[in-house]
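Nothing in this text is a laboratory measurement; each read-out follows from the coordinates by a stated rule. Model, not experiment: these values are computed from the prediction. All Cβ positions, glycine included, derive from the backbone under ideal geometry; neighbour counts span all protein chains shown.
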Amino acid sequence: MASALRPLRLLLLGAPGSGKGTQTARLLKQFPQIESVSSGDLLRQQIKAGTPLGQKASLYISSGKLLSDELITKLIITNLSNRKWMNSSASWLLDGFPRTVKQAELLDAELGRHSAQLNLVVQLDVPENVILERIENRYVHVPSGRVYNLTYNPPRVPGKDDITGEPLTKRSDDTYEVFGKRLKEYRRTVTPLIDHYAKSGILEKVTGETSDIIFPQLVKLVSEKFGE
Ligand code: AMP
């Protein structure tokens, strides 16, 4: 099993449905010293708990729109700080945040103050026709963020999470209509974000149609960063 020699601070970038959640789960299994946070999972947990933030978030999520940069950045930075991830020796990965240049700049500034800048950004490049096919079959376990696909990665017991046995749900924003809007939002925001990270020299891209093709490429990049 791989072990971390240097801290990894990774951002996974990719369209909705490109497999960020699936790749995250696989990376965490392979590199147990890495932890992760997903902005979408955090928001869905707030919605499930019925918090004021959750109520606000559900309006945006159900229409496929992005939350304000200030609001989401505050949520994530508080989370990073509570988990002591601002400590420059921690290894972690972000999924779904930052999504805009403004968010990236706010995060850069905060991490910079702690000498804990991102040191790897990987763009998952999956063809859109593959993504659209996947999304119809996607189910999630909200408390953990575990993702299942009825075709490629079905739960052992239909409709139940493998680990807890709790029910799986379909995301309310995985409908044809809302998903189209999310993809549009992604296309609108991704190019400036890619440019932002390309400038800092930490951007890599992995391409493929399946999780099994993408994953080894990702492991290679992460291992290189760890110095193995
Ligand atoms: P995801 O699970 O990453 O696809 O996120 C689901 C939804 O949560 C998005 O469509 C947005 O409405 C919201 N969201 C998640 N991350 C962000 C972010 N970084 N900035 C703004 N909105 C976000």
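How big, in percent, is the set of alpha carbon pairs in region 1-127 lying more than 23 Å apart?
The answer is 32 percent, as a whole percent.
Any idea how far apart Leu71 and Asn119 come out in nm if each label point goes 7 Å out from Cα toward Cβ?
3.5 nm
Grab the alpha carbons of region 105-228, take their convex hull, and tell me the volume per residue in Å³. Write out the running numbers ahead of the final one.
Values: hull volume 19.6 nm³, N = 124.
Expressed per residue, the convex hull around the Cα atoms of region 105-228 is 158 Å³.
With the convex hull built on the Cα atoms of the chain, state its orientation-averaged projected area in nm².
So the mean shadow area of the Cα hull is 11.8 nm².
Distance in nm between label sites at Lys170 and Ser200, each 7 Å beyond Cα in the beta-carbon direction?
With each label placed 7 Å out from Cα toward Cβ, I get 3.8 nm.
Treating only the Cβ atoms of Lys and Arg (+1) and Asp and Glu (-1) as charged, compute the dipole magnitude of region 3-141 about its Cα centre; round to the nearest 20 debye.
Here the size comes out at about 380 debye.
Test of understanding: what is the full-extension gain from Leu150 to Ala109, defined as 0.36 nm times their sequence separation minus their Cα-Cα distance? The partial results should precede the final answer.
Details: separation 41, 0.36 × 41 = 14.76 nm, distance 4.09 nm.
Answer, rounded to one decimal: 10.7 nm.
Hey, can you rank 98-107, 42-51, 154-163 by average C-beta count inside 10 Å, highest first?
Result, highest mean Cβ count within 10 Å first: 98-107, 42-51, 154-163.
On a full-extension model of 0.36 nm per residue, what is the gain between Asp162 and Asn79, subtracting their alpha-carbon distance, rounded to one decimal in nm?
My answer for the length gained is 27.2 nm.
Where nothing but the Cβ of Lys and Arg (+1) and of Asp and Glu (-1) is charged, how large is the charge dipole of region 110-228 around its Cα centre, in debye to the nearest 20?
Rounded to the nearest 20 debye, it is 260 debye.
Highest mean first, how do 215-226, 139-150, 52-63 rank when packing is the count of other Cβ atoms within 10 Å averaged over residues?
Working: 215-226: 16.8, 139-150: 18.4, 52-63: 15.1.
Taking the mean over residues of other Cβ atoms within 10 Å, the ranking is 139-150, 215-226, 52-63.
Calculate how large, on average over all directions, the projected area of the Cα convex hull of region 1-62 is; give the answer in nm² to one decimal.
5.3 nm²
Please state the relative contact order of the chain as a whole percent: Cα pairs under 8 Å, 6+ residues apart?
Reported as a whole number, the value is 31 percent.
Assign one of three labels to region 114-187, namely rounded, prolate or oblate, based on the Cα gyration tensor with a ≥ b ≥ c the square roots of its eigenvalues; rounded applies when a/c is under 1.5, prolate when it is not and a/b is larger than b/c, and oblate otherwise.
It is oblate, given that a/c is not under 1.5 and a/b is not larger than b/c.
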